[in-house]
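Since every read-out is calculated from the coordinates, none of them should be taken as a lab result. Fair warning: this is a prediction, and the values are worked out from it, not measured in the lab. Quick reminder, even Gly has a Cβ in these numbers, built from the backbone with ideal geometry, and neighbours come from all protein chains shown.
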Amino acid sequence: MTYIIVSPCVDVRDGACVDVCPVDCIYSNPEDNMLYINPEECIDCAACEPVCPVTAIFPEDQVPENEQSFIALNYDYDYDSSEPGDNK
Ligand code: SF4
Ligand code: SF4
């Protein structure tokens, strides 16, 4: 499984999750308005979930119904053209 970042991150993207992720699997580009978790690299450790100030991070199987579209956004994000971290 993986963790998923959903809509409350939009326009917040403060990077708190990046600071605690042990495998640097949270990615962004300067033009993004949120960050994304790479499902292929996330080790499901849950460290990021409690540090998010806006409750934007959920385990994939607990993403709220109205945030389900963000699962595909995290899976389909172009990780090859971005870098780990909060690249503002
Ligand atoms: S901690 Fe939450 S709001 Fe901040 S960048 Fe991560 S997901 Fe977005
Ligand atoms: S669950 Fe752990 S590995 Fe996955 S994004 Fe959060 S801190 Fe990183």
Hits in region 21-35 - residues which are more than 9 Å from ligand 1 (Cβ to nearest atom) and either in contact with a strand residue (DSSP E or B) (Cβ under 7 Å, 6 or more places away or on another chain) or among the aliphatic types (A, V, I, L, M) (or both): 23, 24, 25, 27
- prompt: Looking at (1) surrounded by 15 or more Cβ atoms within 10 Å (Cβ to Cβ); (2) farther than 15 Å from residue 75 by Cβ; (3) among the hydrophobic types (A, V, I, L, M, F, W, C), can you tell me which one residue 34 breaks?
  reply: (2)
- prompt: Among the residues of region 1-9, is any among the aliphatic types (A, V, I, L, M), surrounded by fewer than 18 Cβ atoms within 10 Å (Cβ to Cβ) and more than 14 Å from ligand 1 (Cβ to nearest atom)?
  reply: yes
task: Please state which one of 10, 6, 51 is in contact with a Cys (Cβ under 9 Å, 6 or more places away or on another chain) and within 17 Å of residue 86 (Cα to Cα).
output: 51
query: What are the residues in region 38-72 that are within 13 Å of ligand 2 (Cβ to nearest atom), β-branched (Val, Ile, Thr) and part of a loop (DSSP other than H, G, I, E, B), if any?
result: 43
